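Following: one structure in structure tokens, then a few remarks.
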Amino acid sequence: MPLDAILITELCRELNEAVSGCKIDRVHQPEKDTVVLVLRGSGGGAKLLLCFGSGSARACLTQAGFENPAQPPMFCMLLRKHLQGARIVSVTQPEGERMLLFRLAAYDEMGEAVEKTLAMEMLGRNANLILADGDGRILDAARRVDSEMSPLRQLLPGLIYRLPPKPEPGKFSGLSPLVRREMEWRGLPQTPEGLEGLERTPTMLVEDGKPIDFTFLPILQYGPHVESVTYPGWSALLEAFYAEKDRAEHLKSRARSLTKLVRSAKSRTEKKLALRMQELAATEDRETDKRRGDLITANIWRMKPGMSSVTVEDFYEPDSPMVTVPLDPRKYPQQNAAAYYKQYAKKKTAREHLTALIGENRIEAEYLASVAAELDRAQTQADLDGIRQELERAGYVKEPRGKGKRREKPAQPMRFTTGAGLEVLVGRSNLQNDELTFKLARRTDLWLHAQKLHGAHVILRCEGAEPDEKSVYEAACLAAFYSEGGQAGRVAVDVTQARFVKRQKGARPGMVLYTDQWTVMAEPKKEL
């Protein structure tokens, strides 16, 4: 992303005005690549976010809340030791560099005044956060760099902190590819002189309602296809751009273990299903075994011990053709017949057993596919907690035990209100889908579900009256959005009264049968 040196210059000015003179009250590290400094100043409190993640490095004021780990990382403990109680003296930017230096006034263990520097390097894949003492020696770095990793610049405790190498002499750096293209499009030279007179405004580029980029000036090269949205400040711009991106990435990271578990269970189930289908196919010739036993019994008088086969008339066929029946020469004729009858009985029993197991496997595979779809739709940590509890009840995850294991309160269904004022409830998990459909829904409420797709159960509260068509369509749009078809243009949604929805016998939560439905073609609109 184009967090270039020019934008950082403007960001530096904003931060210098906002945080200079503030004291660092608390230090948190909610993620491995994110540090949050809670500040206290004459103007009140503030939070400074320092993110050194690859592709998302930034420093900005934030209003977001963070969930901190029970055990702080070692780097966080070191920052707390050196930074808590320190005062931010200034925020500066080395000329042309994609980094910020936070100059700090603090006290050592003996109560002596000392200086420290917190260097926020926003260098793409090499983003880092480094703490140095007053002599410029590195106390530690979020990402340590040794000589094997970089022969030119090491970042290790005890070494002198040095700025990144300068670009080649005469080469103008600090501009993102986006800005370079824009200057070329405007016919401006890519030099410091070319930047003079350009309006510097916090700008986000939006395409089809989605943020795609940000920069320090309005972008004209895309014409009407991309909108340039301005923000009141640089921190506000970065917060708005990364808020959704970070939320999605953090949620995806936390969902990774559950997703892996569900995929593994689904893969095992599908392998079992394929193996049992093969075993079932092997029972298809069971009637041939019975027929051979009957033919041997009917022709025992023709047979002698030691025969390896016998040719007889097949009275099962209309023309009674001659057929050859294989025999085990070590057995008497009666024993050969008994062996065929035994094989027939074994295959018949196996078929009945395998048919039942295959039915169970199909239900389980379908259920796990629905859970995988739930994980894809999860929007909050509460959603993930609900899915984990569902998997615990189903036996895929061990339930927490012991006094120290506190169960999280399950999230409530999502609630919406139609334009006509009718309430719409949307399930977050299969367990919640069951609760909505069979406990909360009244008989005459409308039940909606994306047709032939995994998705949420949606209940439109009708209050005993006939709902208006627009409310039904809005509820159908929600059912489409919270389904596997959430990214499609149009989705078929089945609608029926809740009284016509029944549980599937022996099925997992959320799996139902329904009748008396009609279908609405709905658009999965996020803005709805």
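Here are the criteria: (1) surrounded by 18 or more Cβ atoms within 10 Å (Cβ to Cβ); (2) out of contact with any strand residue (DSSP E or B) (no Cβ under 9 Å at 6 or more places or on another chain). Tell me which single one Asp468 does not satisfy. Exception for Asp468: condition (1). Here Leu238 meets the list (1) farther than 30 Å from Ile212 by Cβ; (2) modelled with pLDDT of 90 or more; (3) under 47 Å from the mean Cα position of the chain (by Cα) almost entirely, failing just condition (1).
Can you find even one residue in region 272-286 that is touching an Asp or Glu at 6+ places or on another chain (Cβ under 9 Å), farther than 30 Å from Gly55 by Cα and of a type outside the set (D, E, K, R)? Yes, the conditions are met somewhere in region 272-286. Residues that are surrounded by 17 or more Cβ atoms within 10 Å (Cβ to Cβ) and assigned to a strand (DSSP E or B) do occur in region 297-316.
Does Arg291 satisfy the condition of being without any contact (Cβ under 8 Å) to a residue 40 or more places away in the chain and surrounded by 15 or more Cβ atoms within 10 Å (Cβ to Cβ)?
On the way: without any contact (Cβ under 8 Å) to a residue 40 or more places away in the chain: yes; surrounded by 15 or more Cβ atoms within 10 Å (Cβ to Cβ): yes.
Yes.
Might you check whether a residue that is among the charged types (D, E, K, R), in contact (Cβ under 8 Å) with a residue 12 or more places away in the chain and closer than 30 Å to Val89 by Cβ occurs anywhere in region 184-202? Checked region 184-202: at least one residue is among the charged types (D, E, K, R), in contact (Cβ under 8 Å) with a residue 12 or more places away in the chain and closer than 30 Å to Val89 by Cβ.
Remark: pairs (first residue in region 340-369, under 28 Å from Lys290 (Cβ atoms); second residue outside any helix (DSSP H, G or I) and among the aliphatic types (A, V, I, L, M); Cβ separation under 8 Å; 6+ apart in sequence or on different chains) = Lys347/Ala282.
Criterion applied to Lys452, Lys502, Lys470 was being within 29 Å of Ala356 (Cβ to Cβ), outside any strand (DSSP E or B), without any contact (Cβ under 8 Å) to a residue 60 or more places away in the chain and of a type outside the set (Phe, Trp, Tyr), and the one residue passing it is Lys452.
Any residue at all in region 78-100 that's of a type in the set (Asp, Glu) and in the same structural domain as Gly45 (by TED's automatic domain parsing)? Lay out the reasoning, then the answer.
Start the filter on region 78-100 by keeping residues that are of a type in the set (Asp, Glu), which leaves 95, 97.
Within this subset, residues satisfying the condition of being in the same structural domain as Gly45 (by TED's automatic domain parsing) are 95, 97.
Yes, that holds for at least one residue.
Residues in region 221-240 that are aliphatic (A, V, I, L, M) and either more than 30 Å from Ala46 (Cβ to Cβ) or assigned to a helix (DSSP H, G or I) (or both): Val226, Ala236, Leu237, Leu238, Ala240.
Just to verify a result, which residue in region 127-149, among those that are out of contact with any Lys or Arg (no Cβ under 8 Å at 6 or more places or on another chain), without any contact (Cβ under 8 Å) to a residue 24 or more places away in the chain and surrounded by 12 or more Cβ atoms within 10 Å (Cβ to Cβ), is farthest from Arg58 (Cα to Cα)? Among residues in region 127-149 that are out of contact with any Lys or Arg (no Cβ under 8 Å at 6 or more places or on another chain), without any contact (Cβ under 8 Å) to a residue 24 or more places away in the chain and surrounded by 12 or more Cβ atoms within 10 Å (Cβ to Cβ), the one farthest from Arg58 (Cα to Cα) is Met149. Scanning region 473-499 for residues that are among the acidic types (Asp, Glu) and part of a loop (DSSP other than H, G, I, E, B) gives a single hit, Glu484.
Being loosely packed, with under 14 Cβ neighbours inside 10 Å and at pLDDT below 95 is true of Asp108.
Can you go through Glu31, Glu67 and tell me which one is at pLDDT below 90, surrounded by fewer than 16 Cβ atoms within 10 Å (Cβ to Cβ), over 30 Å from Glu199 (Cβ atoms) and under 24 Å from the mean Cα position of the chain (by Cα)?
Working: Glu31 fails: surrounded by fewer than 16 Cβ atoms within 10 Å (Cβ to Cβ).
Step by step, each of Glu31, Glu67 is checked, and only Glu67 is at pLDDT below 90, surrounded by fewer than 16 Cβ atoms within 10 Å (Cβ to Cβ), over 30 Å from Glu199 (Cβ atoms) and under 24 Å from the mean Cα position of the chain (by Cα).
Exactly one residue among Asp289, Asp328, Asp319 is in contact with a helix residue (DSSP H, G or I) (Cβ under 7 Å, 6 or more places away or on another chain), of a type in the set (Asp, Glu) and part of a loop (DSSP other than H, G, I, E, B), and that residue is Asp328. Here is the figure for region 180-222: residues that are more than 18 Å from Thr9 (Cα to Cα) and surrounded by fewer than 11 Cβ atoms within 10 Å (Cβ to Cβ) total 4.
Take Lys32 and decide whether it is within 15 Å of Ser235 (Cβ to Cβ) and either of a type in the set (Val, Ile, Thr) or not assigned by TED's automatic domain parsing to the domain that holds Leu205 (or both). Against the criterion (within 15 Å of Ser235 (Cβ to Cβ) and either of a type in the set (Val, Ile, Thr) or not assigned by TED's automatic domain parsing to the domain that holds Leu205 (or both)), Lys32 does not qualify. Examine region 241-263 for a residue that is within 21 Å of Ile8 (Cα to Cα) and under 13 Å from the mean Cα position of the chain (by Cα), and state whether such a residue exists. Checked region 241-263: at least one residue is within 21 Å of Ile8 (Cα to Cα) and under 13 Å from the mean Cα position of the chain (by Cα).
Look through Ala132, Ala127, Ala105 and report the one residue that is closer than 18 Å to Gly21 by Cα, in the same structural domain as Glu14 (by TED's automatic domain parsing) and not acidic (Asp, Glu).
Working: Ala132 fails: closer than 18 Å to Gly21 by Cα; Ala127 fails: closer than 18 Å to Gly21 by Cα.
Residue meeting the stated conditions: Ala105.
Among the candidates Pro333, Pro321, Pro326, the residue that is free of Cβ contacts under 8 Å to residues at least 40 places away in the same chain, surrounded by 15 or more Cβ atoms within 10 Å (Cβ to Cβ) and more than 40 Å from the chain's Cα centre (by Cα) is uniquely Pro333. Of the residues making up region 429-448, those that are assigned to a helix (DSSP H, G or I) and touching a helix residue (DSSP H, G or I) at 6+ places or on another chain (Cβ under 7 Å) are Asn430, Leu431, Gln432, Thr437.
Identify, from the list Arg268, Arg256, the residue that is out of contact with any helix residue (DSSP H, G or I) (no Cβ under 7 Å at 6 or more places or on another chain), more than 22 Å from Cys60 (Cβ to Cβ) and at pLDDT 90 or above. Reasoning before the result, please.
Numbers: Arg256 fails: at pLDDT 90 or above.
Residue meeting the stated conditions: Arg268.
The values are calculated or read from the model by the stated rules, or taken from the named source; none is laboratory data. Note that the coordinates shown come from a computational prediction; the quantities given were computed from them, not determined experimentally. Cβ atoms come from the backbone with ideal geometry, glycine included; neighbour counts cover every protein chain shown.
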